[in-house]
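Structure, as structure tokens:
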Amino acid sequence: MFATHVCPPANAGLAFAACAAGACADLRPRMSKSAEDRNAVDARLLQRMARGERAAFADLYDRFSRPLYAAALRILGDAREAEDIMQDVFIALWEKSGTFSAERGTAFSWAVTLTRHRAIDRLRLRKRRGELLDASVPADLGYDNETGTADALVFKEKAHLVRTALAALPTEQKQAIELAFFSGLTQEQISENLAQPLGTVKARIRRGLLKLRDTLRPHHD
């Protein structure tokens, strides 16, 4: 919104001096009152979240979930992954709400930035996962290292089978295995990354690997 106040034309020289001194309204674009109100409400919700108020979290979720999901979907092009990213962002907003400062930007811009960073990280992980699966089949899944001895077409087919079997796993098992095999994280690092107990992470990886072996066994020579 632009200021509409104009100095009166009569006695223009004095008027110009008065404007230069700051008597006239600032002519730079200003944030609308409704936008200021929304930002203030969002900031207060984060402050309440920092005090542990779950009702504030629910209110912020209602306000942000749709645009954050849309932002993640535009980057990833995958509805399930976009929803995963959105949920991760809300967990981060809850855990880091006490660090929010309105001086550094609005709550919504902060949430969008978190969403964008996580979605881009997921794209990088997806690319790395595809490269690794195309290049090799992990020995942990029941195949020996066949580099240099296997027929290239057969080897590529096995990689495709692994990729398909991995995609069919429950989300929590798939995520833990991807972090372990394709991101190179230790189980302790995965536990910290997912904010899950170490025993839970170990169980997810073990159950996921067992399911992969069962799925791939009919295809194993």
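The values are calculated or read from the model by the stated rules, or taken from the named source; none is laboratory data. Computed from a predicted model, the values in this text were never measured in an experiment. Every residue, glycine among them, receives a Cβ derived from its backbone with ideal geometry; neighbour counts consider all protein chains shown.
Remarks
- Against the test of being surrounded by 12 or more Cβ atoms within 10 Å (Cβ to Cβ), assigned to a loop (DSSP other than H, G, I, E, B), of a type in the set (G, A, S) and at pLDDT below 80, the options A25, A10 yield a single qualifying residue, A25.
- Close pairs (6 angstrom Cβ cut-off, 6 or more residues apart or separate chains): free of Cβ contacts under 8 Å to residues at least 40 places away in the same chain in region 78-90, surrounded by 19 or more Cβ atoms within 10 Å (Cβ to Cβ) and of a type in the set (V, I, T) anywhere: V89/T115
- Residues satisfying the stated conditions in region 107-119, i.e. within 10 Å of the chain's Cα centre (by Cα) and either closer than 16 Å to E178 by Cβ or of a type outside the set (A, V, I, L, M, F, W, C) (or both): T113, T115, R116, H117, R118, A119
- Verdict on D121 being closer than 18 Å to Q175 by Cβ, surrounded by fewer than 19 Cβ atoms within 10 Å (Cβ to Cβ) and touching a residue at least 60 places away in the same chain (Cβ under 8 Å): no
- Within region 165-221, considering residues that are within 21 Å of A92 (Cα to Cα) and not in a helix (DSSP H, G or I), the one farthest from the chain's Cα centre (by Cα): P197
- Subset of region 77-102 (residues that are over 18 Å from M49 (Cα atoms), part of a helix (DSSP H, G or I) and more than 10 Å from the chain's Cα centre (by Cα)): A79, R80
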